[in-house]
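The values are calculated or read from the model by the stated rules, or taken from the named source; none is laboratory data. Note that the coordinates shown come from a computational prediction; the quantities given were computed from them, not determined experimentally. Reconstructed Cβ throughout: ideal geometry from the backbone, glycine too, with neighbour counts over all protein chains shown. These area figures cover heavy atoms from the full protein model, side chains too; ligands, DNA and RNA do not enter into them. Shrake-Rupley method; radii C 1.70, N 1.55, O 1.52, S 1.80 Å.
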Amino acid sequence: MKVSLREIHKVFSDGTHALRGVSLDIFPGEVLALLGENGAGKTTLMKILSGIYRPTSGEIYVDGKRVKPKNARDALKLGIAMVHQHLSLIPGLTALENVAVLEGASLSQVSTELRRRVEKIAEELGFEIEWDRDVEELPLGMRQRVEIVKALYWGAQLLILDEPTTVLTPHEVKSLFQVIKRLKEQGWSVVYITHKIPEVMEIADRVVVLRRGLKSAEFSPPYDAKRLVEAMVGEVKTEAVEKLGKPGERPVLEVKDLWVYDGDRAVVQGVDLVVREREILAIVGVEGNGQEHLVETIVGVRKRSRGMIKIYGGYAYIPDDRQKKALVLEMSLVENAIIGKENEFAKRGLISWQRAERFTAKLIEEFGIVAPGPWSSVRQLSGGNQQKLVVGRELSRGAKLIVAHQPTRGLDVATTEYVQTLLMKTRNAGAGVLLVTSDLDEAYKLADTIAVMYRGKIVAYGPVEEMGIELVGKKMAGL
Amino acid sequence: MDSKLWLAVAVVVIIVAIGAFLAFQQTPPLQTSTQQTTTPQTATPTQTAKKGNIYVIYDIGGKGDLSFNDMAYLGASRAAKDFGLGLKEIQSKTQDDYVPNLRAAAKSGDAVITVAVGFLMTDAVKQVSQEFPNVKFAIIDGYIPDRPNVMSVLFRENEGSALVGALAALTAYYYNCTKVGIVLGMEIPVLWKFEIGYAYGVRWAERFIKQKFGKDVKFDILYVYTGSFNDPAKGKQAAEVMLAQGVCVIYQAAGATGLGVFEAVAEAGKKAGRTMGPPFAIGVDADQDYIKPGFILASMMKRVDVGVYTAAKMAVEGSFKGGVLELGIKEGGISVSTLDDLAQFLEIGIRAGAVKESDAQNIINTVKEMRSKIPTWIWEAVDKLKQDIVTGAEKVPLPTSQDQVVQLRKELGLGTVG
Amino acid sequence: MRRLTFSLLNTGLALFLAFVLGAIAMWISGYDPLLSYKSMLLTPLSDLTYLFSALAFSAPILLTGLTFAVGLKAGLFNIGAEGQTYMGALGAVAAAYLTRDVSALPLAVFLGVAFAVAWSAIPALLKIWRGVNEVVGTIMMNWVAYWLVIMAVSTIFANPSQPEESVKMPEAARLTPLVAGTDLTLAVPLAYLTAVLIYVFLRYSVWGYRISISGQNPTVAKAYGIRPEQAVLVAFGIGALTAGLAGVLQVAARPPSYSLARNLANVYGLGFDGITAAMLGRGHPIGVFLASVFLGILQEGARHMQIEAGTPFEFIRVIQGLLILFLALQMVRKI
Amino acid sequence: MIDIVPLLLTQALLAAVPILLASLGEILTERSGVVNIGLEGIMLLGALMGPLVVDYLHNRAGLHLPDIWWPIVAMLAAALTGALIGLLHGYISAYLAGDQIISGVAINLFAAGAVAYGIQAYWGVAGYKQVPEWAKTDPIWVAVFAFVVAGVMWYILFKSRLGIIIRACGEDPESAFNMGVDVNKVRLLTTVIGATLAALAGAYLSIAYLSVVTKEISAGRGFIALANVVFANWNPALAVAGAFIFGLFDALSYWLQTLNLARYEITRMIPYIATLLIVAGVIGRAKPPKAVGKAFRRE
């Protein structure tokens, strides 16, 4: 099956011009890597192909015939399926029921035929899946496999994988690549969305690079990593982040024997760690190994079951999902800017909104936030500007401990650099940073100390000099 | 605004239109009562030309309470017709509406008499009658003895309740049953008169039986306050519980909740394969014998309509004076329903189009047959008690405070189950 | 600003359509819509007695409406105002029972508010500790309050000389009409002042801010040191404060009875009217104020509609229902 | 004392039926993501429209039917009324993305006025009207119907493919939409069915259980049904238990009262306290559908 996209434009209702005329061909039996940094439009483009978004203009052809998929099901009928980065299985339904949604409404039960065939597909791919559990309870890796099986079951011939490795261990990544190769051999097309160069080099038959909503380059093997990067980020002047001085002695965060349960599952199991002044401790690991619970327990969103957490000198918190965990989207910048420090703007219990507004204006200026005004709602801001607001707010707390959870996720290169620089500056000024990331590059760039988390435990811990990338990779995979 | 909006608006309009069309198919349009055909609902020109208006202020129960509001309407509309007056009805949503309602009536300047229905309006009438000393007020069930422009219409429901208590007990005795019951609404002071009066009548019947047959019979009197005047389901459940414990006659003083009592009694009778009691229910306030013909032994009639009519009449004729108009058995304000009463009520219903003529005849026949099955000595006994009350030979206790009620319950042995 | 414009336009359009449909319904039923509306909306404004009566009705509705509005801010669907109003009234009655002089008034406010707050703490704590949905919690507490207060008024607090109601507020402790011959008591300015205070509280106070954050996004609140549980407690507590005050004022500042009826007829339904006011007023204290005045005028207008046009009382409810239905439509989204 | 038990159980059963029917409807509706707090009003309208339409057809339109058909006609009339209101509420909630709570409150207000007025306007009697013998049916049939509905609904929600679709709309409308589910259509449909069941609950009161229409016949049962939905954790099987327990406590209270074991106010409190305790203690945290009450709009 040959799929062609012609001159696709997408303008979102908030005015973002995400795609500015992209054309693309996907041939049968190839693995096409769609490379680009966050916000380049890769995902938007593929969501249009898979029926989730409607293009503002442009045309889609499947085997030469013009098609207009209205939703994912239409696309699937055409043989196109997408496995989303934030998987789109429906919570509250079992894995099997998620596959069966597409069967359509009927008073009959999910057929045994479906179950049999689904299990067969899973077996062929070497997947082990608990079909009768609520998908919410399944680990992320397994959910991804459910999505792949679902796509195959419903006859997809073009499989779009959106950043599939973020939720996988290195071992799982390997087996995913094998699956992709096997699919390719059987004549399937795979579109592989990523911003990770090594993955591209390993798996792709062809690479298309997107930048700022435009196709910037196309490559075939053999690839030159450097040229790939250039095509992806353009020319970026990266200000080197300089680490100044050694970590101090005084701790700003102490965690001892911390246990956290989610339901009856121990998701954090006896974690010990210390963050000192002028130290960045990077906790790396594949997502879903308890990092989220660890962070959220430290900042008090979740309850610990056992253990001790001591924070010296206050904390700032940059969560991994700014829209859900850091900002109240319906409220204004001013109201968002003073969350957690509302007392500083209050006299006798009454907040002075004038002072809060002045403070916000300062944040806007200092951190280069592009916003219609301090009283416009945060929802109107772009993702990067939302993150700048969060980072600005948090760093202006003057806390001794910064808890940064995936602080650069979803940001473009420039903003990523900016945020990283800010973190480093804060460290240099004497604060301690707990950086939780799944991006090893970021970890190595910033950290003084690296800890690896696997299945709720810290499995390796040491100064960055002693933690070689190979060792870390192994530990992340639980080896 | 988009097309969907208009569609939604259209849906609403259509629903309302269909509903209204269905509801108002009948001609002539709009009669708001069973009892009256000729009382105009709206202020028509002919009406404004009338000599004035009777204002009726209903309490929060409003019309349809099967109690004093309905009966007050009945009396007021009859008076309006007889004396060529207009009728203005004002419904109260909360207790706070009483004063403004009375004021609005008083301020209108065309009120021949303003009738406040219900004891809850006592304070309000006290106040507004003072503000408007030239306006005539009547209050039903409320006690305001010292105002020249307020007539308090009170009823001795305890007397009537004693009569139906005797009727209940004697009928039960006739059917070899020793348990009677009473289902009440919310425990408010007015209802004590029903409860205690009923119990007194039952105990009187015991003495009567002893005298006549030389037998010692002891009746259990079960009573339940359902706490509600508007939930028939509660009345039904309460009555069922009583029936299951062997109660065969149940008196109700519970407004619309009492409808459930009738339902339970009739259902139990029909389940036992009967078209008539036992078990029996006893109605209250109005003549309710028609609601479940054959299963309602009689009704304790509290003629609020008579009270309202009398007050209006006095106002029209200029004989109105403040003070208390107390209506008991003697004055014809309290009675036990008769076949004549039933016929009269049904006649009103037929005129309003609420009852079909053929149905009415069936109802009367059924009730007649039922009554004839009750031996005459029972009716005579009830009559004797009535005479004794009129002459003052029997004094039915009249509880006015909680302590008295508690005391009387003990004395009369209410609520004991054998 | 745009949001405000939308709100006003929506409300205006809803009002218009509800009245038009109401008129059609009246016309079909054979009543005179013009006369009905004139007597319903204009007569209350034509006479000071009527106007003050309308304002007197607006006071308790405003207070219970604020309960719901504060709950909404905290993301709660707190329909407990009904029961808390009963408890407030019970507190006032208890005060009247305990002291027979002017001190009954402050005691009434204290006890009434305390009872109401204690009552609201139960569903609040059940929500926090056991995750009991506040809708269920408050519905159940409303019913329990209903029977409990009836029992109290029928027994210890019964008025021996007028057993259909509770003991009366001592004469000295009553808030009597400010203008003789009307129903305008201090309750009205007090309620309006409360609305202003609640507005200030929600807009300017630290806790008001925390409630808003918790209501909009509890995760964010938790992450930055605001405890949503506390916000729930505070929102319930403030709500109970106003609802309890409504109950107290119904006893202490409402002529002629200055007591609590045995069937709770002078407090029953206020909580639900408050929900209506809060919805009409879009949950904003000033909006709730305007809505409660409007509802007060409707309630006063209802009697004049019955007198002058002979139109039954139920039409008021029908129009209110239609009005709120049209509000739900959110008819104006784009200008 | 023991011989009262069958009666109490029967009473509990019959008192449970309206609560059960309404809460089953609401469970279905909420499972798809729409909340309808207008149950009370819909019950009232159902209780009125059943007898009213039958009366109209029989007495005014002169329709001749065997008596056995009239209760069915009444039930259908009530169902149709419920369906229309459901259509309105569903349309507002789903397609217009209006505020579902406001719409529900409006239904309650509207019904309270319309039913009181309707009884008066149609029959010319204020407040109440007896339902004629020939239009009545034995409540047990409706009880059986309610239990069948509970079973069917349990099957549909948790076993059938339709249920998967419905739950998907309530949990994650975005994803459901992307799977080709017409979310708003599903929501409209479940709201219509839910309101239909609530109206049948009302008709049960007037046609089967009490054989009378009064202006306040629902007497708060719609709100109890709402509580029961939460109590049942949105599960039809548990809703049966919840409604029955509520009915049982209700029945028990009268019995205790005839024994003079407690003041009536205390016995009347029992069901509410019991419900509260059960919800707090036994069921613990309720887990509502994630998208309940939230409108779905496509990007």
Exercise for the section: Collect the residues in segment A:99-130 that are part of a helix (DSSP H, G or I), closer than 14 Å to A:Leu152 by Cβ and open to solvent by less than 50 Å² (accessible area, probe 1.4 Å), keeping them in residue-number order. Expected result: A:Val99, A:Leu102, A:Leu114, A:Val118, A:Ile121, A:Ala122, A:Leu125
Practice task
Quick one: in segment A:18-57, of everything that is free of Cβ contacts under 8 Å to residues at least 60 places away in the same chain and touching a Ser or Thr at 6+ places or on another chain (Cβ under 8 Å), which residue is nearest to the other protein chains (Cβ to nearest Cβ)?
Solution key: A:Tyr53
Exercise for the section: Might you check whether a residue that is touching a residue at least 60 places away in the same chain (Cβ under 8 Å), among the hydrophobic types (A, V, I, L, M, F, W, C), within 9 Å of chain C (Cβ to nearest Cβ) and in contact with a helix residue (DSSP H, G or I) (Cβ under 9 Å, 6 or more places away or on another chain) occurs anywhere in segment A:262-284? Expected result: no
Handout entry: Residue pairs meeting the criteria (Cβ under 7 Å; at least 6 apart or on separate chains; first more than 8 Å from every other protein chain (Cβ to nearest Cβ), in segment C:194-217; second at pLDDT below 95 and outside any helix (DSSP H, G or I))
Key = C:Ile211/C:Ala74; C:Ser214/C:Ala74; C:Ser214/C:Gly75; C:Ser214/C:Ile226; C:Gly215/C:Ala74; C:Gly215/C:Gly75
Practice task
Could you tell me which residue of segment A:216-231 is nearest to A:Gly41 (Cα to Cα), considering only residues that are of a type outside the set (Ser, Thr, Tyr), open to solvent by less than 70 Å² (accessible area, probe 1.4 Å) and part of a strand (DSSP E or B)?
Solution key: A:Ala217
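Can C:Asp32 be described as in contact (Cβ under 8 Å) with a residue 24 or more places away in the chain, within 11 Å of chain B (Cβ to nearest Cβ) and farther than 30 Å from C:Leu233 by Cα?
Numbers: in contact (Cβ under 8 Å) with a residue 24 or more places away in the chain: yes; within 11 Å of chain B (Cβ to nearest Cβ): yes; farther than 30 Å from C:Leu233 by Cα: yes.
Spelling it out, C:Asp32 is indeed in contact (Cβ under 8 Å) with a residue 24 or more places away in the chain, within 11 Å of chain B (Cβ to nearest Cβ) and farther than 30 Å from C:Leu233 by Cα.
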Fill in the blank from the handout: Note on segment A:35-46: residues touching a strand residue (DSSP E or B) at 6+ places or on another chain (Cβ under 7 Å) and either assigned to a loop (DSSP other than H, G, I, E, B) or modelled with pLDDT of 90 or more (or both) are A:Gly36, A:Ala40, A:Gly41, A:Leu45, A:Met46
Exercise for the section: Consider only pairs whose beta carbons are under 7 Å apart and that are at least six residues apart or on different chains; among these, list those whose first residue lies in segment A:448-467 and is over 21 Å from A:His171 (Cα atoms) and whose second residue is part of a strand (DSSP E or B) and open to solvent by 20 Å² or more (accessible area, probe 1.4 Å). Expected result: A:Asp448/A:Pro463; A:Thr449/A:Pro463
Fill in the blank from the handout: Within segment D:250-277, the residues that are open to solvent by 40 Å² or more (accessible area, probe 1.4 Å), within 12 Å of chain C (Cβ to nearest Cβ) and in contact (Cβ under 8 Å) with a residue 12 or more places away in the chain are D:Ile270
Handout entry: Sole exception among (1) open to solvent by less than 50 Å² (accessible area, probe 1.4 Å); (2) over 25 Å from B:Pro100 (Cβ atoms); (3) within 13 Å of another protein chain (Cβ to nearest Cβ); (4) in a helix (DSSP H, G or I) for C:Phe16, by number
Key = (1)
Problem - Output for segment A:406-431, where each listed residue is surrounded by fewer than 18 Cβ atoms within 10 Å (Cβ to Cβ) and at pLDDT 85 or above - result: A:Thr421, A:Lys425, A:Asn428, A:Ala429, A:Gly430
Problem - Residue in segment C:197-215 that is at pLDDT 90 or above, among the β-branched types (Val, Ile, Thr), in a helix (DSSP H, G or I) and in contact with a strand residue (DSSP E or B) (Cβ under 6 Å, 6 or more places away or on another chain) present - result: yes
Fill in the blank from the handout: Of the candidates D:Ala121, D:Ala114, D:Ala135, the one satisfying the condition of being open to solvent by less than 50 Å² (accessible area, probe 1.4 Å), modelled with pLDDT of 85 or more, at the interface with chain B (Cβ under 9 Å from one of its Cβ atoms) and more than 17 Å from the chain's Cα centre (by Cα) is D:Ala114
Exercise for the section: Would you confirm whether any residue within segment D:35-46 is open to solvent by 20 Å² or more (accessible area, probe 1.4 Å), under 20 Å from the mean Cα position of the chain (by Cα), charged (D, E, K, R) and closer than 20 Å to D:Phe296 by Cα? Expected result: no
Exercise for the section: Test A:Glu287 against the stated conditions and say whether it is open to solvent by less than 60 Å² (accessible area, probe 1.4 Å), of a type in the set (Asp, Glu) and either touching a strand residue (DSSP E or B) at 6+ places or on another chain (Cβ under 8 Å) or within 30 Å of A:Lys174 (Cβ to Cβ) (or both). Expected result: yes
Handout entry: Options A:Leu96, A:Leu168, A:Leu152: the member that is open to solvent by less than 30 Å² (accessible area, probe 1.4 Å), modelled with pLDDT of 90 or more and in the same structural domain as A:Arg182 (by TED's automatic domain parsing)
Key = A:Leu96
Handout entry: Among the residues listed as B:Ala17, B:Ala80, the single one being at pLDDT below 75, among the aliphatic types (A, V, I, L, M) and over 28 Å from B:Thr257 (Cα atoms)
Key = B:Ala17
Exercise for the section: Working only within segment A:42-59, note down all residues that are open to solvent by less than 10 Å² (accessible area, probe 1.4 Å) and touching a helix residue (DSSP H, G or I) at 6+ places or on another chain (Cβ under 9 Å). Expected result: A:Leu49, A:Ser50, A:Gly51
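Here is a list: B:Gly349, B:Gly413. Which entry is within 14 Å of chain D (Cβ to nearest Cβ) and within 18 Å of B:Tyr173 (Cβ to Cβ)?
Only one candidate passes the filter, namely B:Gly413.
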Completion exercise
Over segment B:59-101, the set of residues within 11 Å of chain D (Cβ to nearest Cβ) and farther than 22 Å from C:Phe52 by Cα is B:Gly61, B:Gly62, B:Lys63, B:Gly64, B:Asp65, B:Leu66, B:Ser67, B:Asn69, B:Asp70, B:Tyr73, B:Leu74, B:Glu89
Fill in the blank from the handout: Of (1) buried (at least 24 other Cβ atoms within 10 Å of the Cβ); (2) within 20 Å of C:Leu34 (Cβ to Cβ); (3) away from chain D (no Cβ under 13 Å), C:Ile319 fails just (3)
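Residue-wise test of (1) in contact with a Phe, Trp or Tyr (Cβ under 8 Å, 6 or more places away or on another chain); (2) surrounded by 15 or more Cβ atoms within 10 Å (Cβ to Cβ); (3) of a type in the set (Val, Ile, Thr).
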{"residue": "A:Val252", "(1), (2), (3)": "yes, yes, yes"}
{"residue": "A:Ile283", "(1), (2), (3)": "no, yes, yes"}
{"residue": "A:Thr297", "(1), (2), (3)": "no, yes, yes"}
{"residue": "A:Arg302", "(1), (2), (3)": "no, yes, no"}
{"residue": "A:Ser305", "(1), (2), (3)": "yes, no, no"}
{"residue": "A:Lys310", "(1), (2), (3)": "no, no, no"}
Problem - Selection from segment B:102-157 of residues that are open to solvent by 10 Å² or more (accessible area, probe 1.4 Å), under 18 Å from the mean Cα position of the chain (by Cα) and either of a type in the set (Phe, Trp, Tyr) or within 11 Å of another protein chain (Cβ to nearest Cβ) (or both) - result: B:Phe119, B:Leu120, B:Asp141
Problem - Single residue of segment C:71-84 satisfying the filter (away from chain D (no Cβ under 14 Å) and at pLDDT below 95) that is least open to solvent (accessible area, probe 1.4 Å) - result: C:Ala74
Practice task
For segment C:253-273, indicate whether the set of residues that are in a helix (DSSP H, G or I), open to solvent by less than 10 Å² (accessible area, probe 1.4 Å) and more than 11 Å from every other protein chain (Cβ to nearest Cβ) is non-empty.
Solution key: yes
